[in-house]
2 protein chains.
Amino acid sequence: MGARDTRSAIREAALRQFIAKGVEQTSLREIADEVGITKASLYYHYASKADLLLAIVTPILFVMRDVADVLDQAPHTADGIREVLRRYLIGLLNHRAEGSLFVRDASAMTATLGPILPELIEINRRINIWLAGPDAATESTIRAVAALEVLNTALSANAAVPQADDEELLRVLLDAAMGVLRL
Amino acid sequence: MGARDTRSAIREAALRQFIAKGVEQTSLREIADEVGITKASLYYHYASKADLLLAIVTPILFVMRDVADVLDQAPHTADGIREVLRRYLIGLLNHRAEGSLFVRDASAMTATLGPILPELIEINRRINIWLAGPDAATESTIRAVAALEVLNTALSANAAVPQADDEELLRVLLDAAMGVLRL
DNA sequence: GTCTATATACCGATAGAC
DNA sequence: GTCTATCGGTATATAGAC
């Protein structure tokens, strides 16, 4: 097995166990066991547990950057807002496994992800402010936070609504989030 | 300081640190230090870390039981649904500190809360099914999950929307959740 | 009830042979 | 790249004096 394959196998085993048991509840030995190597060999591929976790969740950072990049160009109209929400939701659906780590293990993320966490928080803040709109009334801000929460339902929908396919999740959650924003 | 006071002080210090740093990232020594006793003394009051965590989050179990108890009596009409959601949301607002542990540290909860977690999951499932209604179409189920997610926004609203008071959170989130359910 | 001291175990991480 | 062996640290939990 080449280096690329082993690295992938490590990330996949780690992601699976992180989701199943939690980040802190999963030791590097357990991950190595699943891959079929020793803990010391795992350290050859990833310098630390934080490094491994970072490699796993960076796709989420890219999704958020992608959304942030269109914020200033998108018109703050019903269609513009729907387009931003759609982009956010599609990104989550494409990376729901990695994304679910953030909601099921937010404490571990905060404790471990030094470099990228501030950027994620800042992007999230920007999206919230943009969604709330120029008036920035308290009610609008609450609705903006709640609308994103609706989209985050995509991360746990597989467990709660297994019969729903991605197209239906996209359509229903997008419509529900727009409703929360009263659009 | 009597036994009752020490026990309360332990729970309060633990809750504060669990929220600030996460359950797994908080050691019993750190909790004992904040209370001003030693770790060994803490063990006199709580038999284990799991025991302490259980004592902290049981109010949430009572809230959920309270909601579950009215499910079968409440009519499945707009008014009946609003009343169930209101009860759920008021319960969360009254115990948002304890409740936020479940969303920020769900993995630790799963790993630690043996006895009560199955009951919480079962109640959550019952509420979802009741909310989705007798048709149980996929879209209705998705909307039910998303509506509860909107209410859960109350748990993080203090950080995201500090200027919102509880009355406004109750009014806006309840309205938003009803909107998600198309009522 | 609180303490000091300790048992036991596992963790993340490293050294160095192959 | 993978291994064996180990370091240093901290965790939960317990024993027993006061």
Considering every residue within the range B:48-61, establish whether at least one is of a type in the set (S, T, N, Q), on the phi < 0 side of the Ramachandran plot, within 14 Å of chain A (Cβ to nearest Cβ) and within 14 Å of DNA strand D (Cβ to nearest atom). no
Scanning the range B:1-29 residue by residue, the ones that are surrounded by 15 or more Cβ atoms within 10 Å (Cβ to Cβ), within 8 Å of DNA strand D (Cβ to nearest atom) and more than 13 Å from chain A (Cβ to nearest Cβ) total 1
Quick one: how many residues across the range B:30-41 are away from DNA strand D (no atom under 11 Å from the Cβ) and among the acidic types (Asp, Glu)? 1
Going through B:Val70, B:Val84, B:Val57, B:Val35 one at a time, which residue ends up being crowded, with 18+ Cβ neighbours inside 10 Å, aliphatic (A, V, I, L, M), away from DNA strand C (no atom under 16 Å from the Cβ) and over 27 Å from B:Pro162 (Cβ atoms)? B:Val84
Take the conditions more than 19 Å from B:Asp175 (Cα to Cα), crowded, with 21+ Cβ neighbours inside 10 Å and touching a residue at least 12 places away in the same chain (Cβ under 8 Å) and apply them to B:Glu98. Does it pass? yes
Quick check on the range A:38-50: of everything there that is surrounded by fewer than 18 Cβ atoms within 10 Å (Cβ to Cβ) and aromatic (Phe, Trp, Tyr), which residue is nearest to DNA strand C (Cβ to nearest atom)? A:Tyr43
Search the range A:152-180 for residues being more than 9 Å from every other protein chain (Cβ to nearest Cβ) and in contact (Cβ under 8 Å) with a residue 60 or more places away in the chain, and hand back the single one that is nearest to B:Pro162 (Cα to Cα). A:Met178
Hey, does the range A:102-121 have a residue that's out of contact with any Gly (no Cβ under 6 Å at 6 or more places or on another chain), farther than 21 Å from B:Ile19 by Cα and buried (at least 17 other Cβ atoms within 10 Å of the Cβ)? no
Given (1) under 30 Å from A:Ala20 (Cβ atoms); (2) without any contact (Cβ under 8 Å) to a residue 12 or more places away in the chain; (3) within 16 Å of DNA strand D (Cβ to nearest atom), index of the condition B:Tyr44 fails: (1)
Considering only residues that are under 24 Å from B:Gly91 (Cα atoms) and of a type in the set (D, E, K, R), which ones fall in the range B:22-79? B:Asp51, B:Arg65, B:Asp66, B:Asp69, B:Asp72, B:Asp79
Which condition from (1) under 11 Å from the mean Cα position of the chain (by Cα); (2) within 12 Å of chain B (Cβ to nearest Cβ) is the one that A:His95 breaks? (2)
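All of the numbers you see were taken from the coordinates with simple rules; none came from a lab. Just so we're clear, the structure is a prediction, and the values are computed from it rather than from any experiment. Note that each Cβ is placed from the backbone with ideal geometry, even for glycine, and that neighbours are counted across all protein chains shown.
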